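The values are calculated or read from the model by the stated rules, or taken from the named source; none is laboratory data. What you are looking at is a predicted structure, and each value in this text was computed from that prediction instead of being measured. Neighbour counts are summed over all protein chains in view; Cβ atoms, including those assigned to glycine, are modelled from backbone coordinates with ideal geometry.
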Amino acid sequence: MIADDPGASRRWAAEPLPLTDRLSAVLAARFAALPGQAQTALLLAAVADGPDLRVAASRGAGPDARALAPAEQLGLVTVDRTGVQFSHPLVRSAIYHSAPFAQRATAHRQLAGTLHDQPDRRAWHLAAAALGPDERVASLLEATATQAQQRGGAAAAALAMERAAELSPAPEDQARRLVAAASAAVSTGQGDWVQELARRALAVTVDPELRLTARHAAGWALAWSGRRAAALSALISVAEEASVDLPALAWDALADAAIVFYHSGAPDGCQAVRRVLELLDNQGSSSAGHGPRAEVGAHRLWIGACTDPSGSRSELVRSLRQISRSPLDEPALWRVGSAAWLLDESDLAIHMLQDALQRLRAPGTQGASAPGLTALGWLYIDTGRWDEAQEAAAEAAGLAEAHQMELVAAAADLIAATVLAMRGDSGAARTHADRALANADPGESGFVAARARRALGIAALADGSHLLAFTQLRQLFSEEGVPVHNIFSYLGVADIATAAVRADRRMEGQDILDRVLSHLDGTASPRLEQLIARARGILAGPGGGRGPFR
C-alpha cells in the first residue's frame with residue numbers, strides 16, 4: 001500500500017488525482033450507471049493495488065470477473081489472466097471517490113480480511129475504513145511503522161506513524177506518534193513535511209521531552225529548507241535546554257547544529273556551537289552515566305572536526321583512530337567518516353563512508369545518503385578518482401531533485417564543476433558553478449561560495465584568463481584574510497598563488513597569503529601543509545607558477 005520512495009510515500013491508492021470537473025462527472029456517471037454487482041466489484045479493484053487484489057482473488061475474495069464485464073465494455077477496465085487493469089490512473093481515482101465512504105470502508109475491510117499475513121497492508125486498509133479515532137488500528141499502524149523503520153523504510157514509517165497519530169483517541173498518544181513521525185521523516189529529505197508534523201505535535205503536547213524532540217526535528221527542517229540562521233538558533237536552543245536531563249538529545253541537536261555551521265562556515269556559528277560543546281562536556285564530566293560514550297565520542301569528533309580541525313587536530317586524529325576501531329551504527333559511521341574527511345584522513349574516510357552508503361541504500365532512506373554521496377565525491381577528487389567523483393555527483397543530483405535538497409544539489413554541481421575545470425572543460429565547469437551559486441545563497445553558505453569560487457578560478461586558469469582567475473580566487477578570503485569558509489577556503493591557496501603570478505600580481509598574492517595564514521591557528525593537515533608550501537614556492541619562484549618549491 002505504501003511506497004518506500006519518499007516522493008511517493010505520502011500518496012496511496014485512494015488519494016484523489018487531479019481531475020477536471022467535466023471528466024470527473026463523466027466517470028462518476030458511468031460508474032453510477034453500472035449494475036450494483038459491477039459497482040461493488042469495480043470499487044473493490046479501485047481500493048486495492050495489484051498485489052492486494054491478487055491475494056484477495058487467490059483467497060476467493062476478489063472481484064468477480066463476470067460482474068466486471070459491464071465496466072469492461074465501457075472501457076473503464078480490462079480483465080485478463082493477469083488481473084484487473086484500469087484504463088488510466090485517473091479512472092481508478094474517480095471510481096474510488098465517486099463511491100460513498102460507507103461503500104469504500106466495506107471494500108477496505110473486505111481486503112483487510114484477506115491480508116492477515118501482510119500486517120502493514122492490512123493496517124492501512126483498516127485505517128482507510130476508520131471514520132474516527134480507533135486505538136486498535138492506530139496501534140497496528142504503529143507496529144508497521146516500527147517494522148518499516150527497521151527495514152530502512154523511513155518514508156513509509158513516517159507516513160504510518162502520522163496516520164496512527166490521526167487515529168489516536170488520547171492526546172498524549174497523538175503527540176507521541178506525531179513526534180515519532182517527524183523524527184522518521186527527517187531521513188526522507190522532505191523538510192516541509194517534517195515542519196508540519198513537528199508543528200502539529202507541539203500544538204497537542206506540553207511534555208518537555210516530546211516538545212524538545214519535535215523542536216529538534218523542526219530545526220533540522222529549517223536547515224534543509226535554506227533558513228540556516230534560524231536552524232542554527234533552533235538547534236542550539238534545543239541542545240542547551242536538553243543538556244541536563246536529556247543529554248543524548250542534546251548531543252544529537254548539537255551535531256546537527258555543527259552540520260549547519262559546516263555549510264555556513266561563519267565565525268559566529270562556530271562560537272555558538274563551541275559554547276554549547278563546552279557546556280555538554282562539563283555536564284558529562286559532572287554526571288556519569290549520561291548516554292553511551294561511543295555515541296557521544298562520534299558526536300564530539302564530528303563537532304570538533306567542523307569547528308576546529310586545525311586547532312585541535314592532534315586530539316581529533318587520536319580520537320578518530322580510536323573510534324574508528326569500534327563497532328558503529330549507521331548514523332555514527334556517517335559522522336565519523338565525515339569527520340575523517342574534514343581532517344584529511346582520506347583513505348579512512350572513503351572506507352567508512354562507502355561502508356555507510358552500502359548500509360543505507362535501502363528504499364526510503366536514499367534521501368539520507370545524499371549528503372554522504374557528496375562527501376564521497378569530494379574525497380574522490382582529493383584522491384584523484386575523478387570519474388568516481390562525477391558518478392557520485394550525478395547520483396547525488398538525482399536524489400536532490402527528488403527530495404528538494406537545495407544544498408545537496410549545489411554540492412553535486414560544484415563537484416562536477418571542479419572535476420570539469422581540472423579537466424580543462426571550462427565552459428561546462430562554469431555552467432555547473434553558476435547554477436550552484438544561483439540555487440544556493442552564497443551569502444548564507446560559505447561552503448557554496450568557497451567551492452564555487454575555486455572551481456571558477458581553476459576554469460579561468462584553464463582558459464588562460466589569469467586576471468579573471470585571480471579575481472575569482474581572491475574571493476575565497478576577505479580583504480583581511482578571513483576565510484569565507486573555515487575549511488574549504490584554504491584549499492585554494494596554491495591556486496591563488498598561481499593566478500597571482502600569471503596575472504603579474506605576485507606581490508599582492510604574497511600579501512594575501514601572509515594575511516590568510518595569520519588566521520590559520522593550530523596544526524595544518526599534511527595536505528594543507530603541502531598546499532601552503534606550494535603557494536610559497538610559486539610566489540617565490542621566477543617561473544610564474546612553474547618555479548621550484550621551497
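Pull out all pairs, ordered by first then second residue, where Cβ-Cβ is under 7 Å, the residues are six or more apart or on different chains, the first lies in the stretch 496-511 and is closer than 12 Å to R474 by Cα, and the second is modelled with pLDDT under 95 and outside any helix (DSSP H, G or I).
Between residues of the stretch 496-511 that are closer than 12 Å to R474 by Cα and residues that are modelled with pLDDT under 95 and outside any helix (DSSP H, G or I), the close pairs are T498/G545.
Find the helices (runs of 4 or more DSSP H) located wholly in the stretch 296-371 whose residues include 1 or more that are under 19 Å from the mean Cα position of the chain (by Cα) and modelled with pLDDT of 90 or more, and list them.
Passing ranges, in order: 330-342, 346-359.
Considering only the stretch 97-112, state which residues are touching a residue at least 24 places away in the same chain (Cβ under 8 Å) and under 17 Å from A138 (Cα atoms).
Correct list: A105, H108.
Only one of A412, A392 is buried (at least 17 other Cβ atoms within 10 Å of the Cβ) and free of Cβ contacts under 8 Å to residues at least 24 places away in the same chain. Can you tell me which?
When all the criteria are applied, what remains is A392.
Could you list, in sequence order, the residues of the stretch 493-527 that are touching a His at 6+ places or on another chain (Cβ under 9 Å) and of a type in the set (S, T, Y)?
T498, the sole residue that qualifies.
Quick one: D504 ticks every box in (1) more than 25 Å from P309 (Cβ to Cβ); (2) part of a helix (DSSP H, G or I) except a single one, so which number is it?
Checking D504 against (1) more than 25 Å from P309 (Cβ to Cβ); (2) part of a helix (DSSP H, G or I), the one that fails is (2).
Report whether or not A170 is surrounded by 24 or more Cβ atoms within 10 Å (Cβ to Cβ) and of a type outside the set (D, E).
Criteria not met by A170.
Would a scan of the stretch 466-478 turn up a residue that is buried (at least 20 other Cβ atoms within 10 Å of the Cβ), in contact with a Ser or Thr (Cβ under 7 Å, 6 or more places away or on another chain) and assigned by TED's automatic domain parsing to the domain that holds R505?
yes
For V260, indicate whether it is outside the structural domain of Q404 (by TED's automatic domain parsing) and not in a helix (DSSP H, G or I).
No, not satisfied.
Could you please find all residues in the stretch 67-96 being touching a Ser or Thr at 6+ places or on another chain (Cβ under 8 Å) and either surrounded by fewer than 23 Cβ atoms within 10 Å (Cβ to Cβ) or in a strand (DSSP E or B) (or both)?
Listed by number, the residues that qualify are A67, E72, G75, V77, T78, V84, Q85, S87.
Could you pull out the residue among L232, L222 that is buried (at least 24 other Cβ atoms within 10 Å of the Cβ), over 30 Å from R136 (Cα atoms) and at pLDDT below 95?
None of the others qualify; the one that does is L232.
Out of the residues in the stretch 47-71 meeting the condition of being under 15 Å from R121 (Cα atoms) and not acidic (D, E), tell me which one is modelled with the highest pLDDT.
V47
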